[in-house]
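Q: Quick one: the structure is below, and I'll ask about it shortly.
Derivation of every value follows stated rules applied to the coordinates shown; laboratory data play no part. The shown structure was predicted, so the numbers you read here are calculated from the model rather than taken from an experiment. As a convention, Cβ positions derive from the backbone with ideal geometry for all residues, glycine included, and neighbour counts pool all protein chains shown.
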Amino acid sequence: MKKLFLSALVVSALAFTSCIEDDDTPIIIEQTTNNNNIGGGTGSSGCIVKAGGIAVDETWTADNCYILDRKVVVQEGVTLTIEPGTIIKGRSGTGSLSSALIVARGGKIMAEGTAAQPIIFTAEADNIGIGELSGTNLSENNAGLWGGIILLGRASGSFPGDVTELQIEGIPASDTFGLYGPGDEPAVDDDNSGVLRYVSIRHGGSLLGEGNEINGLTLGSVGSGTVLDNIEVVANADDGVEFFGGTVNASNLLVWAQGDDAIDVDQAYSGTITNSVVVLSPASDHALEIDGPEGTLNGACTIDGLTLIGNGDVNSEYADYRSNAQVTTNNVFAFGFGDSADVELDNDGVATNYNNGLVNFGAWEIILPAGVTNVTDIFVNKAENVTVTGFGSTATAINEGEQTVGATTSNLSWTYANEAGNLGF
């Protein structure tokens, strides 16, 4: 084992020391080469352990594998570049010992994989090795083995009390690198946190506290200058992808076997999500959970081109539109759900928004579950005091092979989910 201490970084790293108070994560940038064949896969020896703050630009290369030891933070003004085909493994641990890659406000990640060489984030327990696309010892049933990826920016969001910044869930309040939102400066809606393209995130969502896990990909006030394209999240214990405010657009998302919601929207996220697939497992809850503004700032998002694959008689839900949701959901194809699964308006606030044209539904095509004879029965208003008319009127019941809407699934044929789940993309 050898250690490389980068003395030139000591001054800038010391400035970061007060930000990591919840554990003993080393602050001096430390690169440790571990020759114990971590993960056990072919060619997986020589993994480089990363811990603490990244204070100058650096590149992670595909001829190495990398271990995230607790929180690894790309600091403000710093760019982390990750080559196509690189494998990054998160170390196990719960609470303050949970591992995660965090891109703080003003930091940047340039993770541009390819369909043939995706960038893979997985658990240290995964026996995938350098140059491989998957291991052999984990499946979609193995979740919560490490944390996840958190991107934070300075785009707008609608927060309680109209505060201008918040602490992202999963990071203790004492760690200021967990802040998102514009803060004391004007919002930067074209903020650029970098690129995630052809990235696979697997087996994450470690437990931070009771009922509090890390999402596969968490986005806090991420701006439209950021590129999110061809990203899959597999077997995350909590949500697959969650948007807290921000304006970033996302395309070609795939979430398989998440423990809670697949795609979750909060705090007036106002970007567009196009061409996405959700594949539920017996552990999954909602395919979509949509919340709206929490302050006076309004903002609506668009979800367009979505395929939802249910988990049969487990009866997870298609979608839950909650609180003050403001959204357009269009071109959705859904099948494989149980007979009690629904698309619901959860309360008076969202039902009022529906009546006022702030919650819109375009074409939905659904293969009806056994026992359901009318497609509009899937669309349920659970508001206590507000009635709606026409909810579900844009939905059509179809037979297998008749769909004309939904995602172009061939775009996602590169994914681990397609291979391991036999999805036929």
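Q: So what is the 222 nm mean residue ellipticity for the chain from helices alone, if each DSSP H run of at least 4 adds -39500 (n - 2.57) and you divide by all residues, rounding to the nearest 500 deg cm²/dmol?
A: Calculated mean residue ellipticity at 222 nm is -1000 deg cm²/dmol.
Q: Could you work out which residue, out of A104, A283, A235, moves most in a Gaussian network model of the chain, that is, has the largest mean-square fluctuation with Cα springs under 10 Å?
A: A283
Q: Starting from the Cα-Cα distance between N374 and S413, subtract it from 0.36 nm times their residue separation and give me the gain in nm to one decimal.
A: Full-extension gain reported as 10.7 nm.
Q: In nm, to one decimal, how far is the modelled label at E402 from the one at N385, with both set 7 Å along Cα→Cβ?
A: That separation, rounded to one decimal, is 4.1 nm.
Q: In what sequence do L217, L152, L179 fall when counting other Cβ within 10 Å, fewest first?
A: The fewest-first ordering by Cβ neighbours comes to L179, L217, L152.
Q: Stretched out fully, how many nm does the piece from D339 to T296 gain, at 0.36 nm a residue minus the Cα gap?
A: Working it through step by step, the gained length comes to 11.7 nm.
Q: Shifting gears a bit: Under the definition of Cα pairs under 8 Å and six or more residues apart, what whole-number percent is the relative contact order of region 259-373?
A: With pairs under 8 Å counted, the relative contact order is 24 percent.
Q: What spacing in nm lies between the two simple spin-label points modelled at D190 and T328, each 7 Å away from Cα in the Cβ direction?
A: 2.2
Q: If I model a spin label as a point 7 Å beyond the Cα along the Cα-Cβ vector, how far apart are those points for L133 and V163 in nm?
A: Label-label distance for L133 and V163, simple model: 4.5 nm.
Q: To check my understanding: the extent here is largest minus smallest coordinate of the Cα atoms along each principal axis. What are those three numbers for region 159-231, in Å, largest first?
A: 36, 32, 18
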